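Written out below as structure tokens is the structure these notes cover.
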Amino acid sequence: MSGKKVTSSDVAKRAGVSQATVSMVLNKKYNVSFSKDVIRKVEEAAQELGYELPKRKKRREERRQNLLVVISPNLTNPYYVMLLQGIESRAAEQGFGIFVCNTQRDLKLEERYLKMISSLNPQGIIYMCNPSQCFMEQVEDLSKRIPVVVVNNQDEKLSVDAVELDNSKLGRLMARHLLELGHRKVGYIAPPLTVRQKQRSKRVEGFLKEFQSAGLKENVVIKAADEQIDKDVPGIDSEYRIGYDLTKELLKEHPELTAIVGLNDMIALGIMDALYDEKYRVPGDMSVMGCDNTLFAKVKEVSLTTIEHFVIYKGMDACDIIMKKMNSRIKKYTEIEPVSIYHVEYEPKLVVRGTTSYPRSEKRKINKKRKNIINKEEDV
């Protein structure tokens, strides 16, 4: 058989068995029970003929994919869609695809996705919110092998790269705006304020601290949704319903309020619709404010006063950090791999639109002052 490549068919003929038997015996895949005699015949025939098993294709695990894994808590809030938009646009520029894992704030789902990551073998991982504390050890272990970036609350102490957000600063900006307009009795509507969702509590704390500095902390009514909402699969209108339903409750319990704030824009939209149904004028009877400056806030018929904190740019930055980490591993300028932790933060900005104004009592004072000025000018 010189000059001709030996095949498994040749081995099968020599051993007097089927080609499938040869394949299973030599690959050690004993799905069927073979006698010692059959195994001996096949192995001897292969050795005599000089048969070699074909080299296996390179295992997928050994190939690094042009892929980024993005882990999101939900995709019903435009905030996370905006983050994803930033990540996807930058990834596309660099020739990368993204694989989105939507955990729906479910710990079992988050754990399942973390276990899947090794089989996907991505170039990097982006968490669009803080990983659950019970998985931090896994995330930090992953970061030693794959670049990991977290879009997180600034106060969280993480040993991985982060695009940070000072949520308490957002709360302070919102409160300062209302205080400057003269609002002294306000409501704040939020999703469940649980230990797992610290970023929500930070916004509320920042808001309260600003009112506390003005000696008015007791005049802020915090209305948070029940914890069960976070355990349910989020619907497209989950946060809108929080704003709508809790506003109805606030109006019955605290008719003296002059402004209601939503922790985010989706909640603020629910607040506005509830006020509309209760025949309140915005901002004539009640001022409303949101946070995140999502697309809906910019619609002219809505014109929501909100906080801009450059969400899309944060997604781009998270992707840029992954690329920098990849390049530092490929292009080594020393024999020791550099260890660097990136932390990026943007300064939030107040965006004043048409849903906030002076409270009714302040408007009367301002109008009275204007009339007095006009009367004085006429007398002169």
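The values are calculated or read from the model by the stated rules, or taken from the named source; none is laboratory data. For clarity, every value in this text was computed on a predicted model and none was experimentally measured. For neighbour counting, all protein chains shown are included, and Cβ atoms are generated from backbone atoms with ideal geometry for every residue, glycine included. Keep in mind that these areas ignore ligands, DNA and RNA; they rest on the heavy atoms of the full protein, side chains included. Shrake-Rupley method; radii C 1.70, N 1.55, O 1.52, S 1.80 Å.
With segment 228-332 as the region, which strands (runs of 3 or more DSSP E) entirely inside it contain at least 2 residues that are closer than 30 Å to residue 149 by Cα?
Those strands (runs of 3 or more DSSP E) span 306-308.
Can you tell me which residue in segment 33-54 is surrounded by the fewest Cβ atoms within 10 Å (Cβ to Cβ), limited to those that are over 19 Å from residue 6 (Cα atoms) and polar (S, T, N, Q)?
33
Which residue pairs have Cβ atoms closer than 9 Å, lie 6 or more positions apart in sequence or on different chains, and pair a first residue in segment 240-264 that is farther than 20 Å from residue 361 by Cα with a second residue that is open to solvent by 50 Å² or more (accessible area, probe 1.4 Å) and at pLDDT 95 or above?
Close Cβ pairs (under 9 Å, with a partner that is open to solvent by 50 Å² or more (accessible area, probe 1.4 Å) and at pLDDT 95 or above) amount to 240/273; 243/273; 244/273; 244/277; 247/273; 247/278; 248/277; 248/278.
Looking at (1) of a type in the set (Gly, Ala, Ser); (2) within 19 Å of residue 181 (Cβ to Cβ); (3) in contact with a Leu (Cβ under 9 Å, 6 or more places away or on another chain), which is the one condition that is false for residue 284?
Single failed check for residue 284: (3).
How many residues does segment 122-146 hold that are closer than 17 Å to residue 327 by Cα, part of a loop (DSSP other than H, G, I, E, B) and open to solvent by 10 Å² or more (accessible area, probe 1.4 Å)?
Number of matching residues: 3.
Filter segment 222-265 for residues that are among the aliphatic types (A, V, I, L, M) and touching a strand residue (DSSP E or B) at 6+ places or on another chain (Cβ under 8 Å) and give the result.
Listed by number, the residues that qualify are 222, 224, 225, 242, 246, 250, 257, 259, 260, 261, 263.
If I ask for residues that are open to solvent by 30 Å² or more (accessible area, probe 1.4 Å) and either within 22 Å of residue 177 (Cα to Cα) or at pLDDT below 95 (or both), which ones from segment 240-259 would you list?
Hits for segment 240-259 are 254, 255, 256.
Looking only at segment 93-121, which residues are over 18 Å from the mean Cα position of the chain (by Cα) and either among the aliphatic types (A, V, I, L, M) or crowded, with 19+ Cβ neighbours inside 10 Å (or both)?
96, 116, 120, listed by residue number.
Scan segment 157-181 residue by residue and report those that are surrounded by fewer than 18 Cβ atoms within 10 Å (Cβ to Cβ) and outside any helix (DSSP H, G or I).
157, 159
Test residue 69 against the stated conditions and say whether it is in a strand (DSSP E or B), open to solvent by 20 Å² or more (accessible area, probe 1.4 Å) and without any contact (Cβ under 8 Å) to a residue 60 or more places away in the chain.
For residue 69, the condition - in a strand (DSSP E or B), open to solvent by 20 Å² or more (accessible area, probe 1.4 Å) and without any contact (Cβ under 8 Å) to a residue 60 or more places away in the chain - is not met.
Identify, from the list 270, 235, 262, the residue that is open to solvent by less than 50 Å² (accessible area, probe 1.4 Å), at pLDDT 95 or above and touching a Lys or Arg at 6+ places or on another chain (Cβ under 9 Å).
270
Among the residues of segment 297-317, count how many are within 30 Å of residue 91 (Cβ to Cβ) and either within 19 Å of the chain's Cα centre (by Cα) or surrounded by fewer than 16 Cβ atoms within 10 Å (Cβ to Cβ) (or both).
Adding up the residues that qualify gives 13.
Could you check, for segment 277-294, whether at least one of its residues is within 30 Å of residue 108 (Cα to Cα), of a type in the set (A, V, I, L, M, F, W, C) and open to solvent by less than 50 Å² (accessible area, probe 1.4 Å)?
For segment 277-294, residues within 30 Å of residue 108 (Cα to Cα), of a type in the set (A, V, I, L, M, F, W, C) and open to solvent by less than 50 Å² (accessible area, probe 1.4 Å): present.
Taking segment 182-219 only, how many residues are among the small types (Gly, Ala, Ser), under 19 Å from residue 257 (Cα atoms) and outside any loop (DSSP other than H, G, I, E, B)?
Qualifying residue count for the region: 2.
Among (1) closer than 30 Å to residue 361 by Cα; (2) free of Cβ contacts under 8 Å to residues at least 40 places away in the same chain, which single condition is residue 182 missing?
All conditions are met except number (2).
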